[in-house]
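Contents: one structure, followed by commentary.
The values are calculated or read from the model by the stated rules, or taken from the named source; none is laboratory data. Small disclaimer: the values here were computed from a predicted structure and weren't measured. Quick reminder, even Gly has a Cβ in these numbers, built from the backbone with ideal geometry, and neighbours come from all protein chains shown.
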Amino acid sequence: MTIELQVFDPPMCCPTGVCGPAVDPALAIFAADLAWLEGRGAAIQRHNLAQEPQAFAAQAFAAQAMVQELLERQGEEALPLILVEGEILSSGRYPSRQELADRTTRADDRPALDPATSELVVLGAAIGANCEPCLKFHYDQSRRLGIPPDSVVAAVRLAQQVKDAPARSMIELAARLLSMTPDELLGSSAAAPAAAGSRAHAPVSSGSV
């Protein structure tokens, strides 16, 4: 579904900020941000008080009624007024691109995890995959995001625990098949070759067969 955004500008000759004797950088930036939003599929309506006063009059639409109420209370200081889906995003100033993005991105389009949590998950995945370049890269990313070192340590430990669980299960299965305990199985692995070697080199008894 398309996000609808309405802009009610104060009286001015044009909305781009490039007309007149001096360029208004705030207007130029906002015009670029609106073009960016349109590129993402937003439907934008923009009204200028000097050129479209009828758009500011109270009508059957809630948006226009809200605009007129603000104008009656605050005068032109309420402008510019930006509405997203009929709700006020900002009044008396133009919002930043980040504000526009936050309010025009629907919940089902937003990442399920915040950047810091995502990095911790990927760090754990790097441990599980034994991927050294991945670990180095995402460790640097975690530092840039300001993730506390103890959080990184916790992620690494948890990932290693998950990684070790299947290995433990395999050792336990092997021990059961061999009628041994896991400690006996792991302890005998180093001793077995030595024992075999000692038997191979043991002197042969000279006793009668």
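Suppose the filter is closer than 30 Å to Gln160 by Cβ, touching a helix residue (DSSP H, G or I) at 6+ places or on another chain (Cβ under 6 Å) and at pLDDT 90 or above; does Ile44 pass it?
Numbers: closer than 30 Å to Gln160 by Cβ: no; touching a helix residue (DSSP H, G or I) at 6+ places or on another chain (Cβ under 6 Å): yes; at pLDDT 90 or above: yes.
The answer is no for Ile44.
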Taking the range 118-164, which residues are surrounded by 11 or more Cβ atoms within 10 Å (Cβ to Cβ), at pLDDT below 90 and polar (S, T, N, Q)? Ser118, Gln141
Checking Tyr94 against (1) at pLDDT below 90; (2) surrounded by 13 or more Cβ atoms within 10 Å (Cβ to Cβ), the condition it does not meet: (1)
